[in-house]
Amino acid sequence: MKPFPRPIIFIGLFLLLLLQACGPYQFKGTLYEDPPAAADFELSRSDGGRLRLSDLQGKIVLLFFGFTTCPDVCPVTLSDAKRIYEALDDQAENLAYLFITVDPERDTPEKLAGYVSNFNENIIGLTGTEEELAAVREDYGIYAAKVPLKSGIGYTMDHTARVYLIDSEGNLRLTYTFGTPYEDILQDIKQILKEKESR
Ligand code: NI
């Protein structure tokens with residue numbers, strides 16, 4: 001049998017690459033196989049009033065748990081939130097970013113509101129009673145614990161650093177580990193918005 005002429009092989013490879021490029025979108029975050037309905041909750045907005053998660057249906061929700069005196073993980077994560085909002089530009093209204101405190105003792109509503117708006121005015125700070133916050137953490141499998149410090153600030157908090165993505169239908173779709181580039185989260189958001197538009 002005569003070997004295929006080279007140009008045919010090249011064209012074949014090219015078509016194969018093209019086919020892959022047109023394949024289904026590969027999400028960057030960790031996907032839930034059967035997206036469960038995100039557990040509903042109601043907490044207090046740091047800028048006043050109450051917020052119920054289910055009232056945000058129609059928007060993509062990013063959920064993150066942290067505290068305002070966090071030295072590293074929280075400021076880095078919220079800096080990414082700021083970049084995501086800036087990059088979304090006129091689509092920013094389709095995203096609700098919720099920052100739920102794990103340190104309500106020190107994170108007063110005023111402190112929390114000032115902290116989140118410093119990153120981006122769209123980020124919503126949430127707090128509640130110890131019981132309310134513990135229930136939300138349990139529903140989302142969030143770890144948070146005080147770690148005593150010898151220095152003046154008394155203690156720091158150890159906490160889960162994962163970001164949760166809830167889609168516009170209210171289903172838990174994806175999670176992101178700390179250190180995921182914000183561009184990855186942004187691409188996933190844009191993909192979900194595209195899916196929504198094409199329905
Ligand atoms: Ni933190």
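The values are calculated or read from the model by the stated rules, or taken from the named source; none is laboratory data. All values reported here derive from a predicted model rather than from experimental measurement. Heads up, the Cβs are rebuilt from the backbone with ideal geometry, glycines too, and the neighbour counts pull from every protein chain shown. The area values use the complete protein model at the heavy-atom level, side chains included, leaving out ligands, DNA and RNA. Shrake-Rupley method; radii C 1.70, N 1.55, O 1.52, S 1.80 Å.
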Are there any pairs, at least 6 apart or on different chains, whose C-beta atoms fall under 6 Å, with the first in region 136-159 and more than 17 Å from Thr68 (Cβ to Cβ) and the second more than 12 Å from the ligand (Cβ to nearest atom) and of a type in the set (A, V, I, L, M), and if so, which?
Asp139/Ala39
Out of (1) more than 13 Å from the ligand (Cβ to nearest atom); (2) within 23 Å of Glu169 (Cα to Cα); (3) in a loop (DSSP other than H, G, I, E, B), the one Ile142 does not meet is (1)
Let me confirm something: among Lys28, Lys111, which residue is within 16 Å of the ligand (Cβ to nearest atom) and open to solvent by 80 Å² or more (accessible area, probe 1.4 Å)?
Lys111
Yes or no: Asp89 open to solvent by 60 Å² or more (accessible area, probe 1.4 Å), on the phi > 0 side of the Ramachandran plot and away from the ligand (no atom under 13 Å from the Cβ)?
yes
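Yes/no matrix, rows are residues, columns are (1) at pLDDT below 95; (2) within 13 Å of the chain's Cα centre (by Cα); (3) in a loop (DSSP other than H, G, I, E, B):
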site	(1), (2), (3)
Ser117	no, no, no
Val136	no, no, no
Lys150	yes, no, yes
Ala161	no, yes, yes
Phe178	no, yes, yes
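Table: residues versus (1) assigned to a strand (DSSP E or B); (2) away from the ligand (no atom under 16 Å from the Cβ); (3) hydrophobic (A, V, I, L, M, F, W, C).
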| residue | (1), (2), (3) |
| --- | --- |
| Glu121 | no, yes, no |
| Glu131 | no, yes, no |
| Met157 | yes, no, yes |
| Glu169 | no, yes, no |
| Leu186 | no, yes, yes |
What number of residues within region 47-76 are within 16 Å of the ligand (Cβ to nearest atom) and either over 13 Å from the mean Cα position of the chain (by Cα) or open to solvent by 10 Å² or more (accessible area, probe 1.4 Å) (or both)?
9
Suppose the filter is of a type in the set (Gly, Ala, Ser) and open to solvent by less than 30 Å² (accessible area, probe 1.4 Å); does Ala161 pass it?
yes
